[in-house]
Amino acid sequence: MKRTRASVLALLLVVSMVAMPLSAAGAVGTSPMTDHTDSVTGQSVPMSVTAQEDDDRPDDPTTTDTIGYVEGYWYDDDLPVDDRDDAVLEDDELDAVVYRSMARVEVIRERTFDREVDVDVRTREAVREETIADFEDVTEAERLHQNVRFEALFMVDRETDAVDEFAALYSDAVGGYYDPETEEIVVVSDSPETPELDEVILGHELLHALQDQYFDLESYERATRDQATAEEGLIEGDAVTVEREYAQRCEGEWDCVLPSGTPQQPPELNWGIYFTIFQPYDDGPAYVEYLYEQGGWDAVDAAFDEPPASASDVMYPEEDREPAEIEIEDRSSDRWERVEIEDGPDYASFGEGAMATMLAAGAFDDTGQSVVSTEEFLSFDFGGGIDEIHYSQPYTDGWNGDRLVTYTTDEATVDESGYVWETEWLDDGEAEQFVDGYLQLLEVNGGEPVDDRQDTVVIDDEDGFPGAYYVDHDDTTVTIVRAPSVDELEEIREGAAPDGEDTLEAGVSWQGQGESDEAGDEETDTDGEDDADASADDTDDTDTDTDELPGFGIGGALLAVLVGTLALALRRG
């Protein structure tokens, strides 16, 4: 699957390469169309559509729009491969499994396929080689834009390349994908000599092919992180809902073709990027369930005509939020020029979920230092798996829009770059909450206030995110300006870093970023005087001493749980 450079850029913006772990955000079998005993409640849940029983099936199903029958195969047919211990298939066997799987997706989703779908099973090494070749086509401007964006989120430091991080995630962690450009599904196998099929992954990706046939997935713009998260919340929420039902039926009335081994554990992941791109798979199913409750699959289908506008729409479907329109004046000069991208917008918009992840991501790296602790960001089930990811956080749940523009000098490097990041909030109190969390983020990353400059913080060159940061809070607007030095802040944003004293009151101490005690515990104390409008209950408990987590330490068990749980369900769609 060779992509054009433009579609690679789309991957950088969308990167929809992972799906919800089956244990996350609700147990398998709680989808809105189950017709059997719920694995959690034990109650029988009626299914919304009943596939035709043998006596009711037409003599010639090819002449009717029959749900559950594709190219000579019914959804409940037995296949010779069902009795095998492995999932290594010959071409004719693969065709039979694909047709039966298409019929099964039709039964769950109550729609028929218009045409066949090409499916290929490839080794991970083959996918890795293709991915590396694809990402080599990224232009220097695109690479710079990605690095500045994810440095702004404190997820990629100066020693790391964001494009390489994406390539590693895409090539080493995906379990399958559907390419709307070629209308092809690829299922990735971790068995290099004898590639095996995973029918549950196949069902997930076939649902994307079905979506594409009805709704044209290439028509969705997904130009920014927030827009991608919103639209993918619908697209992936639909697919994960079907996947969950498919997986439960494979545990019950359906015989399914599943790999004999366990998926490989991916290499070290950039958890900040991972959780950012993972949000549609976590929040999307609940969004689709909300739509389904309003009007069944017809309501879900209607949403494809008017998809959600922001990640917040997916997170809070019962609310009617209209993100603010943000325009940032161009301050290009002889030295500083705004970065322009040939095949995409010259700005970024992260959205609420990515900004919440920004405050939590540090809990999963080597330092373990963050504003939002592991316990606040993740919930675990009794089996030790991830039960839920909390993208709604008090610091960011008042999000009402954001836009970041990048500036660079003739050097066109991250070292010689800056940005203006303007954010809008529902009210002044919500804006103040975000300022509180962001100042704590600067502090845990080595930031120190500048004595003679108003609301300005500097992170030294030896730290991962060096530069000067100016934070301006004006009613519902919070503007962040970053430049290599304090004096250059004003060159990028007029009026930035004026002479004077700090005016921002927040729960930060500026007294260090955590010190190891005699027991070796690593702590980040971000408590300080409570802001009058901040919620003490929400912001005081920001101690990230991971050794105190019940049974989970970032250096050991927790990382194993994250890798193990998520690796079992890594998808791309």
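FYI, it's all coordinate maths here, none of it is from the lab. All values reported here derive from a predicted model rather than from experimental measurement. Ideal geometry is used to build each Cβ from the backbone, glycine not excepted, and the neighbour counts take in all protein chains shown.
Could you tell me the relative contact order of the stretch 410-468? Use alpha-carbon pairs under 8 Å, at least six residues apart, and round to a whole percent.
Details: 37 pairs, mean separation 10.4, N = 59.
It rounds to 18 percent for the stretch 410-468.
Based on the Stokes-Einstein relation at 37 °C and a viscosity of 0.692 mPa s, and on the Kirkwood radius from alpha carbon pairs, the stretch 426-480 is assigned a translational diffusion coefficient of 281 µm²/s. Packing around the peptides 359-371, 317-329, taken as the average count of other Cβ atoms within 10 Å per residue, puts them in this order, highest first: 359-371, 317-329. Each principal axis of the Cα cloud of the stretch 378-439 was evaluated for its coordinate range; sorted largest first, these ranges are 55, 31, 19 Å.
3J(HN,Hα) along the stretch 485-500, derived from phi through the Karplus expression 6.51 cos²θ - 1.76 cosθ + 1.60 where θ = phi - 60°, amounts to 9, 4, 5, 7, 4, 5, 6, 8, 9, 4, x, 6, 6, x, 4, x Hz, with x in place of Gly and Pro. Once you divide the Cα radius of gyration of the stretch 76-131 by 2.2 N^0.38 Å, the number left is 1.35.
Classify the stretch 275-386: rounded, prolate or oblate, from the alpha-carbon gyration tensor (a ≥ b ≥ c, eigenvalue square roots; a/c under 1.5 rounded; otherwise prolate if a/b is larger than b/c)?
Details: a/c = 2.70, a/b = 1.19, b/c = 2.27.
The shape class here is oblate.
The string of couplings for the stretch 277-292 from the Karplus curve (6.51, -1.76, 1.60, θ = phi - 60°) is 7, 7, 4, x, 6, 8, 8, x, x, 5, 5, 5, 4, 4, 4, 4 Hz, one whole number per residue in order, with x for Gly and Pro.
When only DSSP loop residues count, what GluC sites (Glu not before Pro) in the stretch 121-170 have their Cβ near at most 13 other Cβ atoms within 10 Å? Write out the running numbers ahead of the final one.
Details: sites: 125, 129, 130, 136, 140, 142, 151, 159, 165; in loops: 136, 159.
Counting only loop positions with at most 13 other Cβ atoms within 10 Å, the GluC sites (Glu not before Pro) in the stretch 121-170 are 136, 159.
Karplus-derived 3J(HN,Hα) values for the stretch 115-129, using 6.51 cos²θ - 1.76 cosθ + 1.60 with θ = phi - 60°, are 7, 5, 10, 6, 10, 9, 9, 10, 6, 5, 5, 5, 5, 4, 5 Hz; glycine and proline are entered as x.
To one decimal place, what Kirkwood hydrodynamic radius in Å is obtained for the stretch 385-514 from all pairs of distinct Cα atoms?
Result for the stretch 385-514, one decimal place: 15.4 Å.
Each peptide among 282-295, 225-238 gets the average number of other Cβ atoms lying within 10 Å of its residues, and from highest to lowest they stand as 225-238, 282-295. For the peptides 468-476, 297-305, the ranking by mean Cβ contacts within 10 Å, running from highest to lowest, is 468-476, 297-305.
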